[in-house]
1. Testing the spin-label approximation: label points 7 Å from Cα along Cα→Cβ at residue 82 and residue 103. State their distance in nm.
2. Under a 5 Å amide H to amide H cut-off, with H placed in plane at 1.01 Å, what residues pair with residue 134 once short-range neighbours are removed?
3. Once you have the Cα-Cα distance between residue 89 and residue 28, take 0.36 nm times their residue separation minus that, and quote the gain in nm to one decimal.
4. Under a Cβ-Cβ cut-off of 10 Å, what is the net charge of the residues other than residue 132 that fall near it, where Lys and Arg count +1 and Asp and Glu count -1?
5. For the stretch 181-227, just the Cα atoms, rotate onto the principal axes and tell me the three extents in Å, largest first.
6. Place the peptides 23-30, 96-103 in order of packing, highest mean first, counting for every residue the other Cβ atoms within 10 Å and averaging per peptide.
7. Give, as a single signed number, the net charge of other residues whose beta carbon lies under 12 Å from the beta carbon of residue 206, with Lys and Arg counted +1 and Asp and Glu -1.
8. Ordered by packing density, taken as the mean number of other Cβ atoms within 10 Å over each peptide's residues, highest first, how do 75-83, 39-47 rank?
Amino acid sequence: MLNWTRYQERTYGIHNKYEKVKLTPEFHHACAKVMDHVIKNNMEFEPRPLMPHDYAETILNNAERFNYKLKDKKVVGWLNDSKYLRSMSLPIRILYDRDLPEDLVKDTKSALEKQENVYRHATYFNIIKMEPGDQIMLHYDPKSVYLPAWPIGNELPGQGTEYIDMRAFVYMNDRQPGQVSWLGKSDIDYKAYDMFKFEVDKVYHGTANFGYDDRYMISFSWAEPLG
Ligand SMILES: [Fe+2]
């Protein structure tokens, strides 16, 4: 049996509420263009920096920026949990949408916005490269903590608006032996251009690459109106 942290069990339980979504031809094409750009230009992926140990305090001290939905004590308890800190400090390599040409980013977001129920411009994405040995431990993402990562000028839901923090992974390679992606209660099987979406704070997720090939995925995040 998996070792769930007490906090996670108590707060959310263990859900399996992810959804496999078929990409529209336009969104499929947009994702392919992003990947093509990255490979053709031989873009460098930075290893993700270590999570700072004052992460939770930083969020609490900037509450108006972060707009998180949980009570202070819960946020600190969660983000200072040694397992969460470790999860967020293991090696993965990331390219952010700000590193890509403006038009390419605009077209990609627009294709996603046409397919999904996205607040206008309330979206960002990054490309994750996992080399052999890279992994992210199973975790939830705290609701709304990542909003400040959205580029300045994006139109966010108004103050007091209820919304859902969505995340979706689009896999850019067929699955190879030794490449594991966990969503909810079990690992999933996938092929290139499969997309799985879920609420960031509801579905336990993690991934590891102990195969011999690099693996790429594009991670989309957005705010979706409630109901
Ligand atoms: Fe995550």
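Coordinate-derived values only; no laboratory data. For clarity, every value in this text was computed on a predicted model and none was experimentally measured. Note: ideal-geometry Cβ built from the backbone for every residue, glycine included; neighbour counts use all protein chains shown.
1. 5.2 nm
2. Here 209 satisfy the definition.
3. Once the chain is fully extended between residue 89 and residue 28, it gains 18.9 nm.
4. Counting the neighbours of residue 132, the net charge comes to -3.
5. Largest first, the stretch 181-227 extends 42, 21, 14 Å along its Cα principal axes.
6. Listed from highest to lowest mean packing, they are 23-30, 96-103.
7. -1
8. The densest-packed peptide leads the list: 75-83, 39-47.
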